[in-house]
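The next block holds one structure in the form of structure tokens; read it before the comments.
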Amino acid sequence: MSEFTHLHYDKKGKIVCITLDHPAVMNALSQHLIGELNSAFDLISADASVSGVVLTGRGKAFVAGADIAELAEIDGVQAEQFTRSGQRLFDKIESLGKPVIAAVNGYAFGGGCELAMACTLRIASAQAKFGQPEVKLGIIPGFGGTQRLPRLIGIGRAMQLILTGEAIGAEEALRIGLVNEIVDDDALVARAEEILLKIAANAPIAVRLAMEAINRSRDTTVSDGLAIERALFSICAGSEDKREGADAFLSKRPPRFSGK
């Protein structure tokens, strides 16, 4: 879309593909790019015809981190505002209610790793590399890395990655659960679209509420999480989609979900 300068917004049927494209800084998360991503996800949120999103990068990087030249010039107050803007964006992506797949094509360092973790699923090319190298610059992850990484891979592994600042390859990221799949580079976006189409074939309300149940329960006790699950299960059970799903199953035909 013409209003974007550092990303491409391409809609194909029910799926939007966002391609980050600022090769001069390896798609670094500048304040400008954060603003463009915010606008792109606002469009997606408002478009009921969109069922899922692919987020990828152009060139050698998915996102190589924050814009270091920009970061070097900000003081503590401005840094707080910067991290708040990034955290709000990543929270928006995580709670979108539509699945977002990070198709990690290359370097995902710092804010790039944090961006991928805010997505619903992560698939990676064999060339992808992940890391949180902020301590090497005298800072810590500021876009959710200290929170999402331990939840994905465990506290011990997260501590090691964050405190050493070391990078890991796609195979190690797969082994520790940071990514879901490794895919050939030329099939990366196609595989993400394939997964999203499988998800889109299911009941939209059930998909949205299943994601909500998982996300809301991460910071609760099992008992509180079960209460959230019961409440959202009950909402699903009263939907037209539930009746359609049951009727289709009993009639041995494909369901025709309406999202109601």
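The values are calculated or read from the model by the stated rules, or taken from the named source; none is laboratory data. Computed from a predicted structure; not experimentally measured. Neighbour counts are summed over all protein chains in view; Cβ atoms, including those assigned to glycine, are modelled from backbone coordinates with ideal geometry. When the accessible area is computed, the model is the full protein with side chains, heavy atoms only, and any ligands, DNA or RNA have been set aside. Shrake-Rupley method; radii C 1.70, N 1.55, O 1.52, S 1.80 Å.
Quick notes on this structure:
- For the chain, carbon and sulfur atoms together expose 56% of the accessible surface, with a 1.4 angstrom probe and every protein chain in place.
- In the range 201-255, trypsin sites (Lys or Arg not before Pro) in a DSSP loop with at most 16 other beta-carbon atoms within 10 Å: R218, K252
- Once the 1.4 Å probe is applied to the protein heavy atoms, the range 1-118 comes out at 41 Å² accessible per residue.
- Note that the range 159-167 has calculated 3J(HN,Hα) couplings of 4, 5, 5, 6, 7, 8, x, 6, 9 Hz, one per residue in order, obtained from phi through the Karplus relation 6.51 cos²θ - 1.76 cosθ + 1.60 (θ = phi - 60°); glycine and proline are x.
- Residue-averaged [θ]222 nm for the chain, counting only DSSP H segments that reach four residues, each worth -39500 (n - 2.57): -15000 deg cm²/dmol
- Other-chain or far-sequence residues with amide H under 5 Å of V104's (modelled H): I123, A124, S125
- Expected-Rg normalisation [2.2 N^0.38 Å, Cα atoms] applied to the range 75-215: 1.07
- HN-Hα J in Hz across the range 144-154 - Karplus 6.51, -1.76, 1.60, θ = phi - 60°, x for Gly and Pro: x, x, 6, 9, 7, 4, x, 6, 7, 10, x
- For the chain: relative contact order, % (alpha-carbon pairs under 8 angstrom, 6 or more apart): 15
- Counted by Cβ distance under 14 Å from S251, the other residues give a net charge of +2, where Lys and Arg count +1 and Asp and Glu count -1.
- Selection from G154, G238, Y9, by position along the positive dipole direction of the chain (Cβ): G238
- Annotation: amide H-H contacts under 5 Å for A61 (H modelled 1.01 Å from N, sequence separation of 5 or more, or interchain): Y107.
- Looking at the range 24-124, the trypsin sites (Lys or Arg not before Pro) that sit in a DSSP loop and have at most 14 other Cβ atoms within 10 Å of their own Cβ are K60.
- Here the label points at E240 and A79, each 7 Å from Cα along the C-beta direction, are separated by 5.3 nm in the simple model.
- With θ taken as phi - 60° and the Karplus curve 6.51 cos²θ - 1.76 cosθ + 1.60 applied, the whole-hertz 3J(HN,Hα) list for the range 121-136 is 9, 10, 10, 9, 6, 5, 8, 5, 9, 10, x, 10, x, 4, 4, 6 Hz, x standing for glycine and proline.
- Alpha-carbon radius of gyration plus Dmax, which is the widest Cα pair, for the chain in Å: 19.0, 64
- Relative contact order (%) - the range 119-174, alpha-carbon pairs under 8 angstrom, separation at least six: 52
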